[in-house]
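The block underneath contains the structure these notes are about, expressed in structure tokens.
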Amino acid sequence: MTHLWVRAEQRPNEERVGITPEGAAQLVAKGMRVTVEESRNRAIPIDGYRDAGCEIAPEGAWPDAPADAIIFGLKELPEDGTPLRHRHVMFGHAFKGQHSGKRLLQRFRAGGGALYDLEYLVGEDGRRVAAFGYWAGYAGAAVSLMAWAAQRQGKTCPPVDTFAGRDALLAALAAQLDATGAPRPTAIVIGALGRVGTGASDLCEALDVTVTRWDMAETAQGGPFPELLAHDLFINCILARPGTPVFVPKSAVAEPRRLTVIGDVACDPDSDYNPVPVYDTATTWAEPAVRVHDAAPLDVMAIDNLPSLLPRESSEDFAAQLLPHLGTLDAIDAGVWGRARATFDTHIKEV
């Protein structure tokens with residue numbers, strides 16, 4: 001019997017989950033064993049999973065789960081160096097040259113486990129089958145606008161927290177923008193045709209922020225891109241990979257520019273292919289933006305779990321996309337799971 005173990009997220013400010021009680025009930029009805037850990041933070045209460053027929057385990061119990069259990073989470077594990085003996089489904093951030101990813105792969109090698117990275121869970125056409133991208137873009141644009149509003153008052157972006165829903169976020173942000181007394185800023189979104197860029201553009205439009213949409217055609221020449229410096233905000237929605245152009249080089253911070261906020265939604269600061277190399281560390285909910293230049297100010301927003309600002313909506317959206325594929329875990333060596341395992345096997349050889 002396939003055993004799916006849904007772990008509690010252990011990262012601060014992470015309230016999302018990759019399966020809803022309704023989805024868990026469907027897996028149980030198919031004959032799958034589903035264990036869900038209790039969580040102090042999860043946006044969806046544990047009672048719904050209990051009612052769905054799931055077994056309930058204490059928070060953080062996954063290291064002692066049966067060896068054949070498939071451990072399912074979203075964000076990274078605690079970096080305690082312990083060997084990983086299970087099969088894990090999560091966003092590992094380990095296959096694009098990230099230094100922390102190399103340490104994660106070393107733990108899998110030591111323990112004999114395997115990573116089925118959700119970012120590399122793809123169909124035959126190579127497209128991801130489930131993603132938080134839309135909500136990452138939506139929330140990333142929101143926090144970037146919060147940083148812009150704070151600048152107008154001579155401050156950096158204050159701490160952020162979860163919102164009850166999209167309407168609550170829009171109302172709060174509109175009030176912040178109105179309080180500046182300034183006209184709405186202009187924004188340029190790179191990667192505008194993808195899920196992330198669509199979310200970022202939708203948020204801007206909902207608040208009457210004029211958006212310039214760029215995608216592959218506009219960046220094909222490889223830069224430089226002086227147009228970025230002519231907007232108030234630049235929102236990067238392109239994942240770093242070999243061949244990605246540098247959008248804002250280090251030299252740009254001292255050039256004449258209108259640009260004062262970069263929202264790096266893709267957020268790969270420790271990648272060798274970082275297209276926004278004016279910063280090198282992800283920002284946090286407590287300090288959402290880092291100032292990389294003072295005159296004129298330039299702030300970078302680079303939170304790497306942005307969808308959790310709207311945890312319920314983003315969880316329900318992602319879970320609906322992923323559920324049909326969780327239902328095929330009994331054939332984990334084939335289809336989307338087989339392709340994800342092949343990606344892991346390729347990269348584990350390099351460790």
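The values are calculated or read from the model by the stated rules, or taken from the named source; none is laboratory data. Quantities reported herein were computed from a predicted structural model and do not represent experimental measurements. All Cβ positions, even for glycine, are placed from backbone atoms using ideal geometry, and neighbour counts span all protein chains on display. Please note that ligands, DNA and RNA were not included when accessible areas were found on the heavy atoms of the full protein model with its side chains. Shrake-Rupley method; radii C 1.70, N 1.55, O 1.52, S 1.80 Å.
Figures for the structure shown
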item	result
Under the Karplus curve 6.51 cos²θ - 1.76 cosθ + 1.60, θ = phi - 60°, whole-Hz ³J(HN,Hα) for the range 107-121, x wherever Gly or Pro sits	5, 5, 4, 5, x, x, x, 8, 10, 9, 6, 4, 5, 10, 8
Ala220-Arg127 FRET efficiency (beta carbon distance; Förster radius 22 Å; 0.05 resolution)	0.60
Per-residue HN-Hα couplings for the range 289-297 [Karplus 6.51, -1.76, 1.60; θ = phi - 60°; Hz; x = Gly/Pro]	9, 10, 8, 9, 7, 9, 10, 6, x
Global form of the range 1-75, assessed from the alpha-carbon gyration tensor, a/c cut-off 1.5	oblate
In degrees, nearest ten, helix 335-348 long axis to first principal axis of the chain (Cα)	70
Under-5 Å amide H pairs with Arg87, H placed in peptide plane, nonlocal only	Ile71, Ala114
Calculated over the chain: convex hull of Cα atoms, volume per residue (Å³)	129
Helix axis angle, 311-326 relative to the chain longest principal axis, alpha carbon, degrees	50
Karplus-derived HN-Hα couplings along the range 256-269 (A = 6.51, B = -1.76, C = 1.60, θ = phi - 60°), whole Hz, x at Gly and Pro	x, 7, 8, 4, 10, 9, 10, x, 8, 5, 5, 6, 10, x
Acute angle (nearest 10 degrees) that the helix 195-206 long axis makes with the longest principal axis of the chain, alpha-carbon atoms	50
Reachable lysines from Lys250, criterion Cα separation under 20 angstrom, eight or more residues apart if same chain	none
Computed FRET value (nearest 0.05) for Ala164 with Asp202, which takes r as the C-beta separation and R₀ as 30 Å	0.95
With every protein chain in place, the chain: carbon and sulfur % of accessible area (1.4 Å)	51
Antiparallel bridge percentage (DSSP; both residues within the chain; nearest 5)	15
Cut-off under 5 Å, modelled amide H: who pairs with Leu298 long-range	Val292, His293
Heavy-atom accessible area per residue - the range 75-231, 1.4 Å, Å²	42
At 1.306 mPa s and 10 °C, Stokes D of the range 123-206 from Kirkwood alpha-carbon radius, µm² per second	115
Cα centroid of the range 205-266 to Cα centroid of the range 1-19, whole Å	34
Three-way shape call for the range 272-351 based on the alpha-carbon gyration tensor, with the a/c threshold at 1.5	oblate
Rg/Rh ratio calculated on Cα atoms of the range 232-314 (Kirkwood radius)	0.97
Alpha-carbon centroids, the range 35-71 and the range 116-180: separation in whole Å	28
Fluctuation leader among Ala67, Ala114, Ala319 - the chain, Gaussian network, Cα springs under 10 angstrom	Ala67
For Thr210, residues with placed amide H under 5 Å, excluding near neighbours	Ala187
